[in-house]
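Below you'll find the structure, written out as structure tokens, and then a few comments.
The values are calculated or read from the model by the stated rules, or taken from the named source; none is laboratory data. Just so you know, these numbers come straight off a predicted model, no measurement behind them. Every residue, glycine as well, gets a Cβ built from its backbone with ideal geometry; the counts of neighbours run over all protein chains shown. All accessible areas refer to the heavy atoms of the entire protein, side chains included, with ligands and DNA or RNA removed. Shrake-Rupley method; radii C 1.70, N 1.55, O 1.52, S 1.80 Å.
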Amino acid sequence: MRCRDAKFWLTAQREHDLLPSEVTALQEHLKHCSACHTSEQYHKRTDPALNSSTSRMLTSISTERIMQAVERQKRITEQLEYLRNRQRTRIARLRIFTPRFATLTYLSMGVLSLLLLTLLIFNTGIIVNILESFGGVIDTLAICAQYIQSGLAFVLQQEWLLSAMALALVIMMGMWLRLMRHPQEA
């Protein structure tokens, strides 16, 4: 066999047009001719379809594998839809905390404070009765406030502890923002 015929057969092999007898003759020529063998190796490295000597054989995909892939895709789609629905319900639950809600809360707290201030000025007996009914709750809140104040003073005096607290706050905010992002299409 001549090298020109071998190169022609190599091209035909890449296009899957060789008979089995021609493949054996080509392999025999490639064993003896180093130039053709080098050319074939070069084409194998550059063409990923030729990485195996049995590239002539085409693999067939069975109907069962296609059906399994379709079922797997359907399950993935259902899972994505389920996750989207869960995220929509979470967002719907959080929709009550709108600027209107914040404004109403702020105004109601202001009105309540003004009401308590007017009661304190004009009718102190009612305020004294209210404070006596709360009894130990106000004392407990005052003690908790003192502990928090001393803890904050300690944190502010220690720079490394303040840095650690700031880092923890930044990480928690990042996690919160990541969890609260809008759903994205796949």
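Listed values, structure above:
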quantity: Residue within the stretch 163-174 that is open to solvent by less than 100 Å² (accessible area, probe 1.4 Å) and over 30 Å from residue 87 (Cα atoms) present; calculated: yes
quantity: Long-range neighbours under 7 Å by Cβ, at least six apart or interchain, first residue assigned to a helix (DSSP H, G or I) within the stretch 159-186, second surrounded by 10 or more Cβ atoms within 10 Å (Cβ to Cβ); calculated: 161/155; 162/155; 162/156; 165/155
quantity: Members of the stretch 80-132 found to be in contact with a Leu (Cβ under 7 Å, 6 or more places away or on another chain) and in contact (Cβ under 8 Å) with a residue 12 or more places away in the chain, listed by number; calculated: none
quantity: Of all residues in the stretch 133-155 being in contact with a Leu (Cβ under 8 Å, 6 or more places away or on another chain) and among the β-branched types (Val, Ile, Thr), the one that is most open to solvent (accessible area, probe 1.4 Å); calculated: 138
quantity: Residue within the stretch 38-55 that is β-branched (Val, Ile, Thr), part of a helix (DSSP H, G or I), over 30 Å from residue 142 (Cβ atoms) and at pLDDT 80 or above present; calculated: no
quantity: Residues being more than 30 Å from residue 79 (Cα to Cα) and either of a type in the set (Phe, Trp, Tyr) or modelled with pLDDT under 80 (or both) - total across the stretch 145-186; calculated: 5
quantity: The stretch 86-132, residues that are outside any helix (DSSP H, G or I) and surrounded by 10 or more Cβ atoms within 10 Å (Cβ to Cβ); calculated: 97, 98, 123
